[in-house]
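**Student:** This is the structure, below, for whatever I ask next.
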Amino acid sequence: MFRRNFLSIADLTNAEIEEIFALADGAQTLRSDRVANGQIMATLFYEPSTRTRLSFESAMHRLGGSVISCSDMKSSSTAKGETVADTAKVVSSYADVLVVRHYWDGAVKAMAEHADVPVINAGDGSHEHPSQTLCDLYTLRKEKGELKGLTVVICGDLKNGRTIHSLVYALARFGANVVTVAANGMELPQYVLERLEKEYGYTLAPVASDDLSAVVTETDALYLTPRQPHQLALFTQLDSTMIQSRFNTMVSGLRYDAFYMTRKQKERMKEGTTGGDYPTIGPRFLSEQRFKDTVVMHPLPRVDELSPEVDKDRRGIYFKQAAYGVPVRMALLKFLFNQRDTKRMPTRRGPAAYQSPEPLGPQCRNPNCITVMEPPSTVRKFDIFTGGPGGALILGCIYCDHRFKVQLVGHIKSKRYCAYDTGLADTVKEWLKKKELAIFNSIKEAEELSYEPYKSGPQRTIMDETEIESAVRDISRQILGDCQEPDRLLILGVRSKGSYLAQRIAVELENQRKTKPEVGEIEIYGSGDEIRRLSAADADAAPLNLKDREVVLVDDVIYTGRTARTALSMIFRSGRPQSVRLAVLVDRGHREVPLKPNYVGKNIPSSERERVRVKLRESDYGEKDKVVIYSIINPNEAGQAEINSERTVNPD
Ligand code: NCD
C-alpha cells in the first residue's frame, strides 16, 4: 500500500498546503462525514506535550476514529532498550497512522522508514515540527489574508526551536519576508540560512535596531527577503569605515505583520549556556504606534517572554493559533488518508544522495542525531553538495539536515584516497555518478579498508618556523597598532588551523601587552555552537558576546575568499562588532569575492593545481612549523593509467 508521511514541511507542496487549509475550513463537514470511521491513530510521545498531542487526538476522535497511546514512553519497552525502529514496526501493525514526538533529531524519519503506515512528525529534537507550521500558516492567513509579502519577525531561541525551522522554510516558499531577532548565541543555524539563500534566493540585511527596541535583545535583527534591494555589501576593506557604511544601508521602517515568539529551549542546552538577555513582548510593544497592526503569535508553552497583558489585547492571537490545531490536524489526517488510495509517488527534488559503498564511512556530526544516538535504526545516507564555502564538498544528513565538510575522499576501484580539494570537484562528481566514491572520517579509517594515498608532487617549504614566528609577531604588532581599545579585542580563528594561529597571536599579544585578549573560534560547518570560546576552562561559559568588539578574524590561507566571507556573515548575524579585521598567514592571491585581508604573513601567488599547506605543531613533539607548497596530481589522471592498463588485458 502506498503511504505518505509528513516528516518535514518540505514533504508538502504549496498547493497541497492550500488543499489542507481548504479541508480545515470545512472541518465541520469532515466531522459529520466521520471520515476516519474505524481507523486507529497511535500517539507515541517521547517528550512532554499538551497542545500537539491533545489536538491530534481530538482531531482523530472528531473524524470518527479512535486513538491508542502510551501514557508515558518511559513505561513502554523503550525503557527495556527497544530501538525506535522496532517500536515503529510493531505499533504500525496496531494502528493506521502514527504521530510521533522524539527528543532526537531525525528519530521520526527513522521510525517512518520502519513503519508500514503513514507517520507524522510531531517534533523531533531541535529539527522540525511541521504540523505546528501548518497551524501557524493557517492562523496567519486567517488574520492577514495572504502570506505573500508579509513580514514576520521570529524571536527568541531560533537555534533550538524546531517550530522556527519548519516555519521559515514555509514562509520563504510562500514569499513572505522574515526578520530574525535571536537571543544571544541562539541565532538561526547556518544550514537553515544557507538553504534560505540557495533554494529560495533570499538575501540578508541588518535591520535598524530602533525599529525593534521594544523587544529586548542583545543581538541584531536580520531581514531575510526574496527581493534583493538590500543585498549585503561585499567588502573590500574590513575596517570600521566599512562596518559603518554597511550599517548605513540598514533596513528601517519595515511594516511588521506578525511577531512569532518562542520560548528558550532550556532542555536542549548545556548547563551554564542559558544566561543572557532574552527578547520579550510586553506593554511597551503594545503601546508603539508602529506595531498597531502587528499580531503576536507563539507555539506555546510560554515561560516569561510574553507578558499576560498581551493576552487581553486583540493582537495576541496565540490561543486562537492553538485552537486551530484541531481543524488543521483533522484536515492533515484526511489529506494523508486520501493519499493512501492514490498511486502517486512523492517526487523528491534536490541534491544527489550519497551512501557509502564501504562499511566504514562518513558520520553525521550532530551529537543529537538519531544516526549517532541509535545507528542500528538508520541507514547512513547524505545529500551531497559541491561548491560550499571555499569550494568545499558538503554532506547533509538526510535525518537531521545538519551539514559538514568532507575532508577525505577515496576511489573504490583504485583503492586510493586523498584530501578533498576544489581541483577534484569534477573527478568526485564522476565517481559519485558511478557509485565509486568513498568518503572517510579519518586516514586511519581509509587505511583500515586498505586504501593508499594518492600521489602528490614534491613538497617545497615556503615558510619555515622562524619566518612563521616572525609573521605572527608582526601581525600581532600591527593588530595592537590599529586597535582602539585593546580590552575590546576578540581574536577569532577559523577552525581548525585558523584557531591554532589565533591562539598563537593571542599569546604574542599577551607578551606585548601583558594581558591576554579573549580568543574564540568559528566553525563554518559545525553542528553545535558556531562561534565559541577557545579555552577548555571556560568552554561552558556564556556564549561570546560580539557586540562592540574589535574582532580580528584569523585564518591560515586565503584563496577564493569564500570561507572568510561565510565567517563574516556568521559574525554579523551573531552581533554587531565595532570592527572586523582579517588576518591570514598566507595569501594565495586569487579571489572570487572582493576581500582584502588587513594583515598578511606572506603573499604566495599560486595556481588551483597547487596546494599550500600550513603545518602547525600542536604539541611540543610534532613536526616543526612550516608552510609547504606542492602540486596535486589529479587522481583521475592517476586512476586513468590503471583503468587503461585494465583495458589492455580486457578490451571491451
Ligand atoms: C513547541 C514544541 O514542542 O516544539 N510546542 C508545541 O508543539 N506547540 C514549542 C516549545 O516546546 O517551545
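**Student:** How much of the DSSP beta bridge set in the stretch 446-585 is antiparallel, as a percent to the nearest 5?
**Tutor:** Antiparallel: roughly 15 percent of the beta bridges in the stretch 446-585.
**Student:** Would you please report the Å³ per residue occupied by the convex hull of the alpha carbon atoms in the stretch 437-522?
**Tutor:** Cα-based convex hull of the stretch 437-522, divided per residue, equals 152 Å³.
**Student:** For the chain, with all protein chains present and a 1.4 Å probe, just round the carbon and sulfur fraction of the accessible area to a whole percent.
**Tutor:** Whole-percent figure for carbon plus sulfur exposure: 48.
**Student:** Report the accessible area of Leu193, computed with a 1.4 Å probe over the heavy atoms of all protein chains in place, in Å² rounded to the nearest 10.
**Tutor:** Leu193 exposes around 0 Å² with every protein chain in place.
**Student:** Roughly how far apart, in whole Å, are the Cα centres of the stretch 124-141 and the stretch 1-74?
**Tutor:** 14
**Student:** Could you check what % of the DSSP bridge pairs in the chain are antiparallel, to the nearest 5?
**Tutor:** 45
**Student:** Once each part is reduced to its C-alpha centroid, what is the distance from the stretch 575-590 to the stretch 481-496 in angstrom?
**Tutor:** If you average the Cα positions of each part, the centres end up 11 Å apart.
**Student:** Take every DSSP beta bridge with both residues inside the stretch 13-139 and express the antiparallel ones as a percent of the total, to the nearest 5.
**Tutor:** 5
**Student:** While we're looking at this one, here's another question. Quick check for you: with a 1.4 Å probe and neighbouring chains kept, what is the accessible area per residue of the chain, in Å²?
**Tutor:** On a per-residue basis, 43 Å².
**Student:** Another question about this same structure. Please list Arg284, Arg314 from largest to smallest accessible area, probe radius 1.4 Å, with all protein chains kept in place.
**Tutor:** Largest accessible area first, the residues go Arg314, Arg284.
**Student:** Which whole-number percent gives the relative contact order of the stretch 29-93, counting Cα pairs below 8 Å spaced six or more residues apart?
**Tutor:** Relative contact order comes out at 37 percent.
**Student:** Please sort 72-85, 362-375 by packing, taking for each peptide the average over its residues of neighbouring beta carbons within 10 angstrom, highest first.
**Tutor:** Listed from highest to lowest mean packing, they are 362-375, 72-85.
**Student:** Taking the chain as a whole, which cysteines find no other cysteine Cβ under 4.7 angstrom from their Cβ?
**Tutor:** Cys70, Cys135, Cys155, Cys418, Cys483
**Student:** If packing is taken as the average number of other Cβ atoms within 10 Å across a peptide's residues, how do 196-204, 596-604 rank, most packed first?
**Tutor:** 596-604, 196-204
**Student:** Let me ask something else. For the stretch 539-631, max minus min Cα coordinate along each principal axis, in Å, sorted largest first?
**Tutor:** Principal axes ranked by extent give 41, 37, 18 Å for the Cα atoms.
**Student:** Would you check the accessible area of Thr466, probe 1.4 Å, heavy atoms only, in square angstrom rounded to 10?
**Tutor:** Its accessible surface works out to 100 Å², give or take rounding.
**Student:** While we're here: Note the direction-averaged projected area, equal to a quarter of the hull surface, for the Cα convex hull of the stretch 307-459, in nm².
**Tutor:** The orientation-averaged projected area of the Cα hull of the stretch 307-459 comes to 15.8 nm².
**Student:** Would you compute, for the Cα atoms of the stretch 74-214, the largest minus smallest coordinate along each principal axis and list the three values in descending order, in whole Å?
**Tutor:** 54, 34, 29 Å, listed from the longest principal axis down.
**Student:** Next question. Beyond 24 Å, how much of the Cα-Cα pair distribution for the stretch 1-157 remains, as a whole percent?
**Tutor:** Of the Cα pairs, 36 percent sit more than 24 Å apart.
**Student:** Tell me, what is the percent relative contact order of the stretch 345-502, built from C-alpha pairs under 8 Å that lie six or more residues apart?
**Tutor:** 17
**Student:** Same structure again: Highest first, please rank the peptides 468-474, 143-149, 324-330, 254-260 by the mean number of other Cβ atoms sitting within 10 Å of their residues.
**Tutor:** With the highest mean Cβ count within 10 Å placed first, the list reads 324-330, 254-260, 468-474, 143-149.
**Student:** Additional query: As an exercise, take the mean of 1/r over every pair of distinct alpha carbons in the chain, invert it, and state the Kirkwood radius in angstroms.
**Tutor:** 26.9
**Student:** Pairs Lys381/Lys602; Lys109/Lys198; Lys89/Lys142; Lys413/Lys626: which exceed 31 Å Cα-Cα?
**Tutor:** In this structure, Lys381/Lys602; Lys89/Lys142; Lys413/Lys626 exceed 31 Å between Cα atoms.
The values are calculated or read from the model by the stated rules, or taken from the named source; none is laboratory data. What you see is a predicted model, and the numbers here were worked out from it, not measured in a lab. Backbone-built Cβ (ideal geometry, glycine too); neighbour counts: all protein chains shown. Just so you know, the surface numbers come from the protein's heavy atoms only, side chains and all, with ligands and any DNA or RNA stripped out. Shrake-Rupley method; radii C 1.70, N 1.55, O 1.52, S 1.80 Å.
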